[in-house]
1. For the stretch 115-133, what are the residues that are in a strand (DSSP E or B) and either open to solvent by 40 Å² or more (accessible area, probe 1.4 Å) or under 22 Å from residue 85 (Cβ atoms) (or both)?
2. Could you grab me the full set of residues in the stretch 91-112 that are of a type outside the set (Phe, Trp, Tyr) and farther than 16 Å from residue 59 by Cβ?
3. Go over the candidates 12, 91, 36, 22 one by one and state the one that is in contact with a Pro (Cβ under 8 Å, 6 or more places away or on another chain), modelled with pLDDT of 95 or more and more than 24 Å from residue 127 (Cβ to Cβ).
Amino acid sequence: MAAPSPERLRLAAEILAAYARARRELRRAPIADVVANLRSRSQSARRPAVDAPGMPAEARRLGRAVTRLLALVPGDTRCLARSLVLTRLLARRGIPAKLVIGARAKPEFLAHAWVEHAGDPVLAPGDGSFGRLVEL
């Protein structure tokens with residue numbers, strides 16, 4: 001088995017750092033402030049890595065990477081954590097995205113979070129039963 005490339009290792013480190021930051025900030029501030037902070041601290045980090053035509057593919061690639069890596073991390077890495085981490089990564093690359101929080105009431109109350117780029121889900125939006133509550 002080949003060792004991971006330096007690019008993959010950097011991305012994994014970036015995902016884990018974003019996860020730690022998101023968890024820390026969620027303990028201190030409302031979700032809207034956390035999303036704004038994760039985005040604002042990213043503005044000077046990097047210029048967009050891709051041009052407009054490549055943004056959807058890059059957003060999906062990053063979404064898959066976040067989902068795969070956080071599945072291996074102990075702790076709460078459910079939809080909100082994944083969505084916050086992906087929001088941070090996309091902002092660092094200049095890729096616009098919305099974090100969406102939805103809920104359903106029946107058969108039991110459930111909430112779900114996902115990320116969209118240009119109106120298309122980058123992380124799974126659930127089974128279609130979630131009504132949109134807020135877009136950040």
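The values are calculated or read from the model by the stated rules, or taken from the named source; none is laboratory data. All figures in this text were calculated on a predicted structure; none of them were measured in a lab. Neighbour counts run over all protein chains shown; Cβ positions are idealised from the backbone, glycine included. For accessibility, only protein heavy atoms count, side chains too; no ligands or nucleic acids. Shrake-Rupley method; radii C 1.70, N 1.55, O 1.52, S 1.80 Å.
1. Result: 115, 116, 117, 120, 121, 132, 133.
2. 101, 102, 103, 104, 105, 106, 107, 108, 110, 111, 112
3. Answer to the selection: 12.
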